[in-house]
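The structure appears below as structure tokens.
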Amino acid sequence: ITETKMHFSESDIVVIDDGSGDDTAKIAALENVHILRHPFNMGIGASFQTGCQFACLLGYDYIVRVDADGQHDPRFIRKILEPVAANDADIVIGSRFLGDSQYTSSFLRLIGIHIIALALKVISNRKITDPTSGFCAMNRKAFEFFSKNCPDEYPEPEIIVFHKEFRIKEVPISIQKRKEGISSITTFKSMYYMVLVLLSLFIHIFKKEIQ
């Protein structure tokens, strides 16, 4: 929150507290930001959808999604937002694999990301280098849609595949070391996540075919 205020002072900041059991809401309240609290943990898709609904309700033109663990560097917010504000894209994704980013992760997790990227290219004919990146910007057309229609578990890859009406671009970013919290995606879970994402994508494709 502090870094976002420093690098993008004109923004309104909204914290989505997804039923956490810690002092997230209490600490955020001291920062004079908007706080939306779920009564229990509902997952990443529901949290994203809540943020989109809030943006629609208050009439915003653009949103930027930033993870709360400190890895997404607010210095890149303007860079991610720029193509959306210029009407060159509906959705802009910050890619850890473009430019001179020093992103590192476990070998299996990197393999999983690249396999998902390859599957997305085959399925959607879109070359997206970082399909699981949550650091992104959207215009009203996009976030208004996702305020009503948002995948429950894997919003990033499914958005790329099933919503070809949106103009999607990537811009290079670098991320920082995690400042707080522990990643829920362990080495084993990264492979499990990859299998579930691929399964989800192919199920959706099959459903579209039979419809």
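The values are calculated or read from the model by the stated rules, or taken from the named source; none is laboratory data. The model shown is predicted, which means the values in this text are computed figures rather than measured ones. So basically every Cβ, Gly included, is an ideal-geometry build from the backbone, and we count neighbours across all protein chains shown. The area values use the complete protein model at the heavy-atom level, side chains included, leaving out ligands, DNA and RNA. Shrake-Rupley method; radii C 1.70, N 1.55, O 1.52, S 1.80 Å.
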Tabulated pairs, region 3-14, first free of Cβ contacts under 8 Å to residues at least 24 places away in the same chain, second of a type outside the set (A, V, I, L, M) and not in a loop (DSSP other than H, G, I, E, B), C-beta under 8 angstrom, 6+ apart or interchain = 13/4; 13/5; 13/34
note = Taking region 59-71 and keeping only residues that are in contact (Cβ under 8 Å) with a residue 40 or more places away in the chain and closer than 15 Å to residue 138 by Cβ, one is left with 60, 61, 62, 63, 64, 65, 66
query = Restricting to region 5-44, what's the tally of residues that are assigned to a loop (DSSP other than H, G, I, E, B) and among the hydrophobic types (A, V, I, L, M, F, W, C)?
reply = 6
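Would you check if residue 117 is modelled with pLDDT under 80 and crowded, with 19+ Cβ neighbours inside 10 Å?
Working: modelled with pLDDT under 80: yes; crowded, with 19+ Cβ neighbours inside 10 Å: yes.
Spelling it out, residue 117 is indeed modelled with pLDDT under 80 and crowded, with 19+ Cβ neighbours inside 10 Å.
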inquiry  = Could you check region 15-28 and list, in sequence order, the residues that are farther than 20 Å from residue 53 by Cα and either in contact with a helix residue (DSSP H, G or I) (Cβ under 7 Å, 6 or more places away or on another chain) or open to solvent by 60 Å² or more (accessible area, probe 1.4 Å) (or both)?
reply    = 21, 22, 23, 26, 27
inquiry  = Condition check: on the phi < 0 side of the Ramachandran plot, among the hydrophobic types (A, V, I, L, M, F, W, C) and at pLDDT 95 or above. Does residue 98 satisfy that?
reply    = no
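Looking at region 29-45, which of the residues that are of a type in the set (A, V, I, L, M, F, W, C) and out of contact with any strand residue (DSSP E or B) (no Cβ under 8 Å at 6 or more places or on another chain) is most open to solvent (accessible area, probe 1.4 Å)? Give the derivation first.
First pass over region 29-45, keeping only residues of a type in the set (A, V, I, L, M, F, W, C): 29-30, 33, 35-36, 40, 42, 44.
From the residues that got through so far, the ones that are out of contact with any strand residue (DSSP E or B) (no Cβ under 8 Å at 6 or more places or on another chain) too are 30, 40, 42, 44.
Numbers: 30: 148, 40: 126, 42: 89, 44: 71 Å².
Filtering first and then ranking leaves 30.
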request  = Please find, within region 46-66, the residue that is most open to solvent (accessible area, probe 1.4 Å) out of those that are of a type outside the set (Ser, Thr, Tyr) and more than 12 Å from residue 147 (Cβ to Cβ).
outcome  = 61
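For residues that are among the small types (Gly, Ala, Ser) and buried (at least 24 other Cβ atoms within 10 Å of the Cβ), scanning just region 129-151, find the one that is nearest to residue 57 (Cα to Cα). Outline the logic, then answer.
Let us first name the residues in region 129-151 that are among the small types (Gly, Ala, Ser), namely 133-134, 137, 142, 147.
Subsequent filtering for residues that are buried (at least 24 other Cβ atoms within 10 Å of the Cβ) retains 137, 142.
On the way: 137: 18, 142: 14 Å.
Ranking the candidates gives 142 first.
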